[in-house]
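J.: My questions will all concern the structure given below.
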Amino acid sequence: MKIGALALQGDFREHLAMIRSLGVEGIEVRTEEELDRIDGLIIPGGESTAIGRLAAIYGLIEPLRDKINDGLPVLGTCAGMIFLASATLRHEQPQLEVLDVVVERNAFGRQIDSFEAAMAVAGFDDPVHAVFIRAPWIHKVGADVDVLASVEDLESGELRPVFVRQGRILATSFHPELTADTRIHEMLMEVS
Ligand code: GLN
């Protein structure tokens with residue numbers, strides 16, 4: 001098995017280190033040819049507008065969209081989640097539109113910019129130590145999207161999804177690659 005990390009901008013190196021720690025080959029992906037060689041893809045955290053613009057410059061928007069729609073397993077974290085989404089609240093930017101959610105960027109800013117929290121995840125015995133860095137949350141989910149974890153919006157009292165799955169697409173608002181917990185990367189392997 002070979003897992004790729006989209007290596008345009010952001011913390012793709014940390015993801016690849018985690019993949020390699022699991023004994024799986026991890027490669028940097030910047031071309032369509034590299035995209036054809038992998039069994040699963042990670043889109044890292046970073047800056048979603050930069051990732052989107054660079055993907056457009058590298059001619060990767062259509063190939064990524066086609067591969068993911070054809071069933072390539074993918075894990076998007078933070079900016080990666082934003083890039084996978086159908087739309088962004090109050091904002092236009094290049095997106096793959098393969099994950100049926102509307103995201104709100106920097107959503108916690110009104111509450112607290114960056115923080116860490118123990119968070120229950122559906123299907124996990126123990127909570128995840130979730131690291132949020134200028135993170136998005138999900139404003140609206142489509143019918144085929146399963147919500148695996150949420151946080152409370154302190155202003156409205158509503159629950160906002162921060163970990164979702166739609167078939168072989170996994171997306172987190174937080175950064176599993178910055179902890180020693182490999183369970184979310186293992187989930188990507190399981191669907192790959
Ligand atoms: N704030 C960034 C964005 O909106 C995401 C931050 C991150 O990936 N840690 O793109």
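J.: Between residue 17 and residue 191, what is the label-to-label distance in nm when each label sits 7 Å out along the Cα-to-Cβ direction?
T.: 2.6
J.: Mind checking the range 3-97 for chymotrypsin sites (Phe, Trp or Tyr not before Pro) that DSSP puts in a loop (not H, G, I, E or B) and that have at most 14 other Cβ atoms within 10 Å?
T.: none
J.: Now for a separate question. Provide the gained length on full extension for the span residue 159 to residue 122, in nm with one decimal, where the gain is 0.36 nm per separating residue minus the Cα-Cα distance.
T.: Taking residue 159 through residue 122 to full extension adds about 11.9 nm, to one decimal.
J.: Calculate, for the range 23-107, the solvent-accessible area per residue in square angstrom, rolling a 1.4 angstrom probe over the heavy atoms of the protein chains. The partial results should precede the final answer.
T.: Working: 3390 Å² over 85 residues.
In whole numbers, the range 23-107 has 40 Å² accessible per residue.
J.: Could you identify which residue out of 134, 20, 165 has the top mean-square fluctuation in a GNM of the chain using Cα springs shorter than 10 Å?
T.: 20
J.: Out of the total accessible area of the range 95-192 (probe 1.4 Å, heavy atoms of protein only), what percent is carbon and sulfur?
T.: 47
J.: Can you sort 140, 67 by solvent-accessible area, 1.4 Å probe, largest first?
T.: 140, 67
J.: Using alpha-carbon positions, what is the distance between the centroids of the range 11-50 and the range 110-170, in Å?
T.: With the range 11-50 and the range 110-170 each reduced to a Cα centre, they are spaced 22 Å.
J.: Taking GluC sites (Glu not before Pro) as exposed when DSSP calls them loop (any state but H, G, I, E, B) and at most 12 other Cβ atoms lie within 10 Å, what is the longest stretch of the chain free of them, the sites themselves excluded?
T.: With a cap of 12 other Cβ atoms within 10 Å, the longest stretch comes to 1-91.
J.: Now a separate question. Can you classify the range 38-192 as rounded, prolate or oblate using the Cα gyration tensor, where a ≥ b ≥ c are the square roots of its eigenvalues, rounded means a/c under 1.5, and otherwise it's prolate if a/b beats b/c and oblate if not?
T.: oblate
J.: Now a separate question. Is the C-alpha gyration tensor of the range 150-192 telling us rounded, prolate or oblate? Criteria: a/c under 1.5 is rounded; beyond that, a/b larger than b/c is prolate, otherwise oblate. Write out the running numbers ahead of the final one.
T.: Working: a/c = 4.18, a/b = 1.75, b/c = 2.39.
Cα axes put the range 150-192 in the oblate bin.
J.: What does the C-alpha gyration tensor say about the overall shape of the range 1-75? Classify as rounded when a/c is under 1.5, otherwise prolate if a/b is larger than b/c, or oblate. Walk me through the numbers before you get to the answer.
T.: Values: a/c = 1.99, a/b = 1.23, b/c = 1.61.
Verdict is oblate for the range 1-75.
The values are calculated or read from the model by the stated rules, or taken from the named source; none is laboratory data. Quick caveat, the model's predicted, so the values are computed rather than measured. With ideal geometry, Cβ positions are generated from the backbone for all residues, glycine too; neighbour counts draw on all protein chains shown. Only protein heavy atoms, including side chains, enter the accessible area calculation; ligands, DNA and RNA are left aside. Shrake-Rupley method; radii C 1.70, N 1.55, O 1.52, S 1.80 Å.
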